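**Q** Let me give you the structure first, and then I'll get to my questions.
The values are calculated or read from the model by the stated rules, or taken from the named source; none is laboratory data. A quick note: this is a predicted structure, and the numbers were derived from the prediction, not measured. Here the Cβ is made from the backbone with ideal geometry for all residues, glycine too, and neighbour counts use every protein chain on show.
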C-alpha cells in the first residue's frame with residue numbers, strides 16, 4: 001500500500017467566523033500581531049473588524065498593506081523590516097492570495113534569515129515559523145490552507161514557487177461574508193483560479209484518494225455556483241458554496257501539487273501584473289487538451305463533475321467534453337481566452353517556456369512536457 005501524506009491547518013468556516021480571530025490568535029501565544037492586508041480589503045472594512053476582535057482580547061497589532069496583486073520580493077523585504085521594527089511575534093493575513101503569500105514569506109525570513117530567493121523550490125525551510133492565522137477575502141487562491149507561497153522575483157521577472165509544510169498556516173478562518181465586497185470580475189477570476197486548482201490537482205501525478213475527493217467536490221461546487229456568485233454579490237448561498245469550493249480545491253492542490261497550467265501562468269504573472277485567475281483562464285483549456293492523452297478516464301470524471309451528460313459516450317469523447325465545459329464557464333463569467341488580450345507578446349514566449357521548466361508545479365503534470373511543448377501551448381493560448 002502506498003504511503004499517503006496529507007497536511008491541513010485547523011479550519012473555522014462559516015458566516016460570522018471572522019469574530020473568531022481574536023481568540024484564535026490569542027491561543028497561539030501571540031503578544032503583538034503583524035497584520036498583512038491590502039488597500040482593497042482595508043477599504044471594505046474587514047481589517048477594521050479584525051482589529052476590533054484583536055483589541056477585544058488585548059492584543060497589540062501592526063498593519064502592513066503596501067503590496068500589489070502579484071506580491072514582489074521587495075514587498076517581502078519591506079514587510080520583514082516592519083515586522084522586526086514593531087517587534088511582532090505572530091502573523092495574521094486578512095485578504096486574498098497576495099497578503100497571504102507576503103505573510104508566509106515574511107514568516108520564513110523572520111525565523112530562517114537570508115533572502116526569499118533562498119527558499120525557492122521544495123522543502124528549503126528548516127526552522128519553525130511564527131504562528132500564522134489567515135482570513136481569506138476571495139474564493140480562489142486557497143492560500144489559507146496550503147504549503148505554497150508564490151512571490152515575484154523582480155530582477156528575473158518570474159514568480160518563484162516556494163513549497164514547504166512549514167507554510168501551512170496554524171488556523172484558517174473562512175468567512176463567506178468577506179466575498180460580498182468583491183467585484184464581479186474578481187469573483188470570476190478567483191473562481192477560475194479555484195477551478196484550475198481542482199482540475200490540475202485531480203490529474204496530478206501526486207494525487208491520492210483523499211485529494212481526489214476534494215478536487216471533484218470543488219469542481220461540482222464551482223460549476224453549480226460560480227455563475228450565480230458572479231452575477232449577484234448579495235447571493236450569500238452562492239458565496240458560501242464558492243468559499244467551500246475554494247477550500248476543497250486548496251486542500252487538494254496543497255497535497256497533490258499542480259501542473260503545467262500553473263508552471264506557465266507563474267511566468268506570465270511575473271511579467272505582467274494581471275490577476276492570476278485571468279491568466280489561468282487563457283491557459284487552462286489548452287493544457288487540458290495537451291494532457292488529455294495521459295489520463296482520459298480522469299478527464300471523463302472531470303466532465304461528469306462539470307455537469308456534462310456522458311452516458312453512452314466513449315471515454316475519449318466524454319473527456320473532451322470537460323474542455324468544452326470549462327471554456328463555456330470561462331465565457332459565461334466574462335473572462336477572455338487569450339494571453340494576447342491581456343498584454344502578452346509573442347517575442348517573450350520562448351523565454352517563458354524555458355523558465356516554466358524550472359517551476360516545481362511542472363513536476364506533477366500528468367504528461368511529460370519540454371520547452372517546445374510549452375511553447376506550443378503558449379502559442380495556442382495567445
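**Q** Got a sec? Which of 167, 247 is closer than 22 Å to residue 38 by Cα, crowded, with 24+ Cβ neighbours inside 10 Å, in the same structural domain as residue 22 (by TED's automatic domain parsing) and in contact (Cβ under 8 Å) with a residue 12 or more places away in the chain? So that I can check it myself, show each step before the final result.
**A** Numbers: 247 fails: in the same structural domain as residue 22 (by TED's automatic domain parsing).
Matching residue, one of 167, 247: 167.
**Q** Quick one: how many residues across the stretch 301-338 are modelled with pLDDT under 95 and in a helix (DSSP H, G or I)?
**A** The qualifying residues number 0.
**Q** Then there's this: All but one of (1) outside any helix (DSSP H, G or I); (2) at pLDDT 95 or above; (3) more than 15 Å from residue 132 (Cβ to Cβ) hold for residue 34; state the number of the condition that does not hold.
**A** Going through the list (1) outside any helix (DSSP H, G or I); (2) at pLDDT 95 or above; (3) more than 15 Å from residue 132 (Cβ to Cβ), residue 34 breaks only (3).
**Q** Further question on the same structure: Can you confirm whether residue 137 is touching a helix residue (DSSP H, G or I) at 6+ places or on another chain (Cβ under 9 Å), under 23 Å from residue 104 (Cβ atoms), part of a loop (DSSP other than H, G, I, E, B) and in the same structural domain as residue 50 (by TED's automatic domain parsing)?
**A** On the way: touching a helix residue (DSSP H, G or I) at 6+ places or on another chain (Cβ under 9 Å): yes; under 23 Å from residue 104 (Cβ atoms): yes; part of a loop (DSSP other than H, G, I, E, B): yes; in the same structural domain as residue 50 (by TED's automatic domain parsing): yes.
So residue 137 passes the test.
**Q** Another question, if that's okay. Here are some residues: 180, 161, 261, 237. Which one is outside any helix (DSSP H, G or I) and either surrounded by fewer than 21 Cβ atoms within 10 Å (Cβ to Cβ) or under 15 Å from the mean Cα position of the chain (by Cα) (or both)? Quick ask: steps written out before the conclusion?
**A** Working: 180 fails: outside any helix (DSSP H, G or I); 261 fails: outside any helix (DSSP H, G or I); 237 fails: outside any helix (DSSP H, G or I).
The match here is 161.
**Q** Now a separate question. In the stretch 43-66, what residues are crowded, with 16+ Cβ neighbours inside 10 Å, within 23 Å of the chain's Cα centre (by Cα) and not in a strand (DSSP E or B)? Show your work before the answer.
**A** Taking the stretch 43-66 first, the residues crowded, with 16+ Cβ neighbours inside 10 Å are 44, 46-47, 49-51, 53-54, 59, 61, 63-65.
When the remaining residues are screened for being within 23 Å of the chain's Cα centre (by Cα), the result is 44, 46-47, 50, 63-65.
Hits for the stretch 43-66 are 44, 46, 47, 50, 65.
**Q** Suppose we keep only residues that are within 18 Å of residue 273 (Cβ to Cβ) and assigned to a loop (DSSP other than H, G, I, E, B) within the stretch 339-359. Which one would you say is farthest from the chain's Cα centre (by Cα)? Break it down into steps so the answer makes sense when it comes.
**A** Here is the first cut: in the stretch 339-359, the ones within 18 Å of residue 273 (Cβ to Cβ) are 339-345, 348, 351-352, 355.
Keeping just the survivors that are assigned to a loop (DSSP other than H, G, I, E, B) gives 343-345.
Values: 343: 22, 344: 22, 345: 25 Å.
Result: 345.
**Q** If only one of 255, 225 is free of Cβ contacts under 8 Å to residues at least 24 places away in the same chain and either assigned to a helix (DSSP H, G or I) or in contact with a strand residue (DSSP E or B) (Cβ under 8 Å, 6 or more places away or on another chain) (or both), which one is it?
**A** Values: 255 fails: free of Cβ contacts under 8 Å to residues at least 24 places away in the same chain.
The unique qualifying residue is 225.
**Q** Kindly indicate whether residue 18 is at pLDDT 95 or above, in the same structural domain as residue 89 (by TED's automatic domain parsing) and either loosely packed, with under 15 Cβ neighbours inside 10 Å or touching a strand residue (DSSP E or B) at 6+ places or on another chain (Cβ under 9 Å) (or both). Quick ask: steps written out before the conclusion?
**A** Details: at pLDDT 95 or above: yes; in the same structural domain as residue 89 (by TED's automatic domain parsing): yes; either loosely packed, with under 15 Cβ neighbours inside 10 Å or touching a strand residue (DSSP E or B) at 6+ places or on another chain (Cβ under 9 Å) (or both): yes.
When the stated conditions are applied, residue 18 passes them.
Residue by residue, here is whether (1) touching a helix residue (DSSP H, G or I) at 6+ places or on another chain (Cβ under 6 Å); (2) within 30 Å of residue 226 (Cβ to Cβ); (3) without any contact (Cβ under 8 Å) to a residue 12 or more places away in the chain holds:
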{"residue": "96", "(1), (2), (3)": "no, yes, no"}
{"residue": "115", "(1), (2), (3)": "no, no, no"}
{"residue": "145", "(1), (2), (3)": "yes, yes, no"}
{"residue": "196", "(1), (2), (3)": "yes, yes, no"}
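**Q** Given the conditions (1) closer than 22 Å to residue 360 by Cα; (2) in contact with a strand residue (DSSP E or B) (Cβ under 9 Å, 6 or more places away or on another chain), which single one is not true for residue 109?
**A** It fails just one condition, (2).
Matching residues to (1) crowded, with 22+ Cβ neighbours inside 10 Å; (2) touching a residue at least 40 places away in the same chain (Cβ under 8 Å); (3) under 21 Å from the mean Cα position of the chain (by Cα):
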position	(1), (2), (3)
273	no, yes, yes
282	yes, yes, yes
294	no, yes, no
306	yes, yes, yes
311	no, no, no
321	no, no, no
324	no, no, no
327	no, yes, yes
332	no, yes, no
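**Q** Here is a follow-up. Hey, could you check the stretch 88-123 for residues that are under 18 Å from the mean Cα position of the chain (by Cα) and part of a loop (DSSP other than H, G, I, E, B) and say which is surrounded by the fewest Cβ atoms within 10 Å (Cβ to Cβ)?
**A** Among residues in the stretch 88-123 that are under 18 Å from the mean Cα position of the chain (by Cα) and part of a loop (DSSP other than H, G, I, E, B), the one surrounded by the fewest Cβ atoms within 10 Å (Cβ to Cβ) is 120.
**Q** So, residue 7, is that one surrounded by 13 or more Cβ atoms within 10 Å (Cβ to Cβ), at pLDDT below 95 and within 25 Å of the chain's Cα centre (by Cα) or not? Steps first, answer last, please.
**A** On the way: surrounded by 13 or more Cβ atoms within 10 Å (Cβ to Cβ): yes; at pLDDT below 95: yes; within 25 Å of the chain's Cα centre (by Cα): yes.
Here the answer is yes, as residue 7 does meet what is asked.
**Q** Another one. Looking at the stretch 200-213, which of its residues are buried (at least 24 other Cβ atoms within 10 Å of the Cβ) and free of Cβ contacts under 8 Å to residues at least 60 places away in the same chain? Can you show your working first?
**A** Taking the stretch 200-213 first, the residues buried (at least 24 other Cβ atoms within 10 Å of the Cβ) are 200-204, 211.
Once the filter is applied, which keeps residues that are buried (at least 24 other Cβ atoms within 10 Å of the Cβ) and free of Cβ contacts under 8 Å to residues at least 60 places away in the same chain, the stretch 200-213 yields only 201.
**Q** Please go through the stretch 21-39 and give me each residue that is free of Cβ contacts under 8 Å to residues at least 40 places away in the same chain and buried (at least 16 other Cβ atoms within 10 Å of the Cβ), ordered by number. Lay out the reasoning, then the answer.
**A** Of all residues in the stretch 21-39, those free of Cβ contacts under 8 Å to residues at least 40 places away in the same chain come to 22-23, 26-27, 39.
Hits for the stretch 21-39 are 22, 26.
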